[in-house]
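Comments concern the structure below.
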Amino acid sequence: LPKAQASLNSAFFLLSGGPSLKLKQKSGIHKIPLSNQMIPTIMRTHNIKFGLHLIALNSPQTGDMRGIRGADFQCFQQARAVGLTGTFRAFLSSKLQDLYSIVRRADRNTLPIVNLKDEVLFDSWESLYNGLDGQMKPNVQVYSFDGRDVLKDNTWTQKMVWHGSNNKGQRMTDHYCETWRTGVHELTGFASSLEAGRLLQQRPVSCSSSLIVLCIENSFMTQAKK
């Protein structure tokens, strides 16, 4: 096999009906039987689902985002602008929606949550709600759609994430800035400290504050569908 690979001048691929390679060379096409251990890793993993992306909007937002639809639309626009074609929704509870319910049921416990660079933030959507206030994996950054590290970039002066939920991802109606439609100082929304590496702390923050807003890809799409 090594000698055959050395003289290979075209792509190789698995043949249906058994583990073998079909090699196109100058001398013709040759079929070479393989053991499972010899199958290249890329061939064994190319169909593996990887994860759901969690990415920040490119600028901080007050509690007035024109409601959940306004926040969702910003997620949609900014995802499309960088070529991400999955469905992105704002990481927020609202009047008719618990944060937990945003991700499709079938994908909640089967896929990791990853950042813009496909680094794993959480083992699954379900694992956010384990009672630890959404503790992220250590030393993994959250990036905006335009590729900035939101903890290091000065655009976000307050390193807090809006969410309006309890630690189970259920809406907290007294703490979601009137369904994300007001930026008045007297009202509050629940937010969490990204510096602490947590996304679901219940810290009341004035709706006039400009904080990080995250967007979650709410279902897995195969590359073909994307």
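Using a probe of 1.4 angstrom, how much of the accessible area of segment 52-106 is carbon and sulfur, in percent?
Numbers: 1290 of 2540 Å².
Within segment 52-106, the accessible surface is 51 percent carbon and sulfur.
May I ask you to derive the FRET efficiency for S208 and T155 from their Cβ-Cβ distance with R0 = 22 Å, giving the value to the nearest 0.05? Intermediate values should be presented prior to the final figure.
On the way: r = 18 Å, r/R0 = 0.80.
E between S208 and T155, to the nearest 0.05, is 0.80.
Could the peptides 146-155, 118-127, 50-59 be put in order, highest first, of the mean number of other beta-carbon atoms found within 10 Å of their residues?
50-59, 118-127, 146-155
What percentage of all Cα-Cα pairs in segment 64-142 are separated by more than 13 Å?
Summing the P(r) tail past 13 Å for segment 64-142 gives 73 percent.
Rolling a 1.4 angstrom probe over the protein heavy atoms, how many square angstrom per residue are accessible across segment 119-226?
46 Å²
Which links in K95/K117; K137/K168; K137/K159 stretch past 25 Å when you go from one Cα to the other?
Listed pairs above 25 Å: K95/K117.
Under 16 Å from a point placed 7 Å out from the Cα of K168 along the Cα-to-Cβ direction: which residues of segment 102-124 have their backbone N that close?
102
Determine Rg/Rh for segment 79-226; Rg is computed over alpha-carbon atoms and Rh is the Kirkwood hydrodynamic estimate from the same atoms.
Here Rg/Rh amounts to 0.95.
The values are calculated or read from the model by the stated rules, or taken from the named source; none is laboratory data. The structure displayed is predicted, hence computed values, not measured ones. Note that each Cβ is placed from the backbone with ideal geometry, even for glycine, and that neighbours are counted across all protein chains shown. The protein model used for the area step is the full one, side chains on, heavy atoms only, and it has no ligands, DNA or RNA in it. Shrake-Rupley method; radii C 1.70, N 1.55, O 1.52, S 1.80 Å.
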